[in-house]
Amino acid sequence: MVSTECMTVLAKIAKHHPIKVNFAGNLELLNAELRDEARKLMGATAEYSKFIVTICVCYCCTDDIIHSVEESSRKKHYYHSYIEDSHDDDKDDDDKDDERHMIKLVDIEKNMYMAVTPDPDILIRTGDKHRLSNFLQWQTCHSLLASLSTDWPEIGVWHLVKVVLDFQQNYDYFVRKRLQRL
């Protein structure tokens, strides 16, 4: 859980280092003080791009997808009702009109909580877990899922080296999969 102390530490680090801090998830579920601090920190570090830290708070993949579809629908409805009100005399073909009203993949992806960060190349699960547990399921569909039998505190550099080597051996496969998505 993100606390006020954590926010203070992040703010101090970001003040002295060019670190962009993102919070991904339903920030409305945080108390007002933490939500305001999170938004303030994101605003203060928005221009940084060399290092990015994304902290997931109040996040689950199901909520992310539902939020994105609802937000995409709301934006499409608002946009098209504005266009229709201002152009009542101009009626296009029904097919073109229907297509413009459709929600596309790009609409959903840009409204996801995790749109603030690129899709991960590698997701590491510890404790010999082989599932995602409703976490980043959309974003990791073309990522390497590395399952380590070691628990988080005991992970060492050689565990990470093995994961990176595995990714490098399968890099061409992951590139092809991501290109198919576009």
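Only a single criterion out of (1) exposed (fewer than 12 other Cβ atoms within 10 Å of the Cβ); (2) in a loop (DSSP other than H, G, I, E, B) is not satisfied by Lys12, namely (2).
Number of residues in the range 49-83 that are open to solvent by 80 Å² or more (accessible area, probe 1.4 Å) and not in a strand (DSSP E or B): the value is 10.
May I ask you to list the residues in the range 117-161 that are exposed (fewer than 14 other Cβ atoms within 10 Å of the Cβ) and assigned to a helix (DSSP H, G or I)? Those that are exposed (fewer than 14 other Cβ atoms within 10 Å of the Cβ) and assigned to a helix (DSSP H, G or I): Trp152, Pro153, Glu154, Val157, Trp158, Val161.
The values are calculated or read from the model by the stated rules, or taken from the named source; none is laboratory data. Everything numeric in this text was worked out from a predicted model, so none of it was measured. With ideal geometry, Cβ positions are generated from the backbone for all residues, glycine too; neighbour counts draw on all protein chains shown. With ligands, DNA and RNA removed, areas are computed over all heavy atoms of the protein, side chains included. Shrake-Rupley method; radii C 1.70, N 1.55, O 1.52, S 1.80 Å.
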